[in-house]
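Chemist: Supplied in C-alpha cells, the structure appears directly below.
The values are calculated or read from the model by the stated rules, or taken from the named source; none is laboratory data. On a predicted model such as this, the values are computed, not experimentally measured, just so you know. In this analysis, Cβ positions are derived from the backbone assuming ideal geometry, glycine residues included, and neighbour counts consider all displayed protein chains.
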Amino acid sequence: MTTLFISHGAPTLAIEPGATGKLLGELALSLPRPQAILVISAHWDTHAPRISLAEKPQTIHDFGGFPREMYEIEYPVNGAPVLAEQTATLLKKAGIDVELDHGRGLDHGAWVPLRLMYPDADIPVTQLSIQSRLGPQAHYDMGRAISQLQDENVLILCSGAITHNLHDLFTMQRDAKVLDYVPDFAEWVANKIEHEDTTALINYRKEIKSGLRAHPTEDHILPLFVALGAAKGKATRYQPENTYGILAMDIYRWD
C-alpha cells in the first residue's frame with residue numbers, strides 16, 4: 001500500500017471538486033484497495049497524540065459560514081478500532097505517548113478527500129491527531145513509527161496543505177490569480193522531496209524565505225512530515241490546480 005499527502009483546500013471542495021476532486025477520484029481507482037485507512041488531518045490538533053477508537057465515527061462539520069448543503073453531508077463510514085490499537089502500539093514502541101479517544105469522528109480534513117476518493121464509504125477509517133506545538137521533526141518521527149502499517153494494506157492518508165495562509169485570502173474566486181509566494185514555496189518543496197532532502201524540509205522555516213508566509217502556523221504542513229516519515233519509495237507529484245489565489249493543491253503519492 002502507499003502513503004498519500006493531500007492538500008485538501010477549502011471545505012467547499014466537497015461540493016466544488018474541480019480538478020482536485022477529479023484527480024482524487026482517479027487516484028483512488030489507480031491504487032490497490034486498502035483494507036483500512038489511517039488519516040492524519042491538520043484539523044485534529046491535540047496536546048498529545050490521540051487516536052480514535054470510534055466504531056461509527058461522526059461526520060464533523062468543523063467550519064462556519066458555508067452553504068447549507070455542506071452541513072447536510074454525511075460520510076457514514078465504519079471506524080477501524082483494531083487499526084487504532086495497532087497504531088497506538090507502534091507509537092508506544094517508538095517512545096511516543098498516545099491517548100485513545102473513544103468518541104472522535106472525522107473532521108473535514110478527513111471526510112472531504114475520503115468522500116471524493118471512496119464515495120461508497122466502504123473502507124474502515126480511523127484518525128490520528130497532530131500536535132502543532134511539536135513541529136516537523138516530531139511528526140516525521142511519528143511517520144517512521146507507523147510506516148510498517150503499509151505492509152498490512154493500510155493506506156496512510158495525510159491531509160493538510162502545501163500552502164496555507166488564510167490572512168492572505170483576498171477573494172472567493174476559486175480561479176483567482178495566484179500570489180507569487182505560493183508557487184515559489186510549492187516548487188521548493190517539490191524539489192526537496194524529489195531529492196529526498198528531508199533535513200531541508202524539516203527546517204523549511206529557515207531554509208526558504210517564503211516558508212513563514214506559506215505557513216504562519218504549522219498545523220497544515222505537519223501532515224506532510226508524517227507522510228515523509230512513513231513513505232517508502234519515490235514520490236510522484238500531482239498539481240491539479242491552485243485555488244483562491246493562496247492554496248497550492250499539490251498531492252504526493254509514494255509507492
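Chemist: Restricting to the stretch 206-233, what's the tally of residues that are more than 26 Å from Ala176 (Cβ to Cβ), at pLDDT 95 or above and surrounded by fewer than 20 Cβ atoms within 10 Å (Cβ to Cβ)?
Modeler: Summing the residues that are more than 26 Å from Ala176 (Cβ to Cβ), at pLDDT 95 or above and surrounded by fewer than 20 Cβ atoms within 10 Å (Cβ to Cβ) in the stretch 206-233 gives 2.
Chemist: Just give me the residues in the stretch 147-181 being assigned to a loop (DSSP other than H, G, I, E, B), among the hydroxyl-bearing types (Ser, Thr, Tyr) and under 21 Å from the mean Cα position of the chain (by Cα), in sequence order. Explain how you work it out, then say what you get.
Modeler: Filtering the stretch 147-181 for residues assigned to a loop (DSSP other than H, G, I, E, B) gives 153, 161-165, 169-180.
Then keep just the ones that are among the hydroxyl-bearing types (Ser, Thr, Tyr); that gives 163, 171.
Thr163 - this is the single residue of the stretch 147-181 that is assigned to a loop (DSSP other than H, G, I, E, B), among the hydroxyl-bearing types (Ser, Thr, Tyr) and under 21 Å from the mean Cα position of the chain (by Cα).
Chemist: Out of the stretch 44-67, which residues are closer than 19 Å to Arg115 by Cα and among the charged types (D, E, K, R)?
Modeler: Passing the criteria: Glu55, Lys56, Asp62.
Chemist: Something else now. Can you tell which of Arg144, Arg115 is in contact with a Phe, Trp or Tyr (Cβ under 6 Å, 6 or more places away or on another chain), part of a helix (DSSP H, G or I) and not hydrophobic (A, V, I, L, M, F, W, C)?
Modeler: Of Arg144, Arg115, the one residue that is in contact with a Phe, Trp or Tyr (Cβ under 6 Å, 6 or more places away or on another chain), part of a helix (DSSP H, G or I) and not hydrophobic (A, V, I, L, M, F, W, C) is Arg115.
Chemist: May I ask you to say which residue of His61, His43, His102 is in contact (Cβ under 8 Å) with a residue 40 or more places away in the chain, touching a Phe, Trp or Tyr at 6+ places or on another chain (Cβ under 8 Å) and either over 17 Å from Thr3 (Cα atoms) or surrounded by fewer than 17 Cβ atoms within 10 Å (Cβ to Cβ) (or both)?
Modeler: His61
Chemist: Run Gln86 past the list (1) more than 18 Å from Gly109 (Cα to Cα); (2) of a type in the set (S, T, N, Q); (3) within 18 Å of the chain's Cα centre (by Cα) and report the number of the one that doesn't hold.
Modeler: All conditions pass for Gln86, except number (3).
Chemist: Please find, within the stretch 198-255, the residue that is farthest from Ser129 (Cα to Cα) out of those that are of a type in the set (Gly, Ala, Ser), in a helix (DSSP H, G or I) and in contact (Cβ under 8 Å) with a residue 24 or more places away in the chain. Walk me through how you get there before you give the answer.
Modeler: Taking the stretch 198-255 as the starting set, the residues that turn out to be of a type in the set (Gly, Ala, Ser) are 200, 210-211, 214, 227, 229-231, 233, 235, 245, 248.
This time we only want the ones that are in a helix (DSSP H, G or I), so: 200, 210-211, 214, 227, 229-230.
Checking which are in contact (Cβ under 8 Å) with a residue 24 or more places away in the chain leaves us with 210-211, 214, 227, 229-230.
Working: Ser210: 26, Gly211: 23, Ala214: 22, Ala227: 13, Gly229: 15, Ala230: 15 Å.
The residue in question is Ser210.
Chemist: To continue, here is another question. List the strands (runs of 3 or more DSSP E) inside the stretch 11-104, counting only whole elements, that have at least 2 residues being farther than 30 Å from Asp141 by Cα.
Modeler: none
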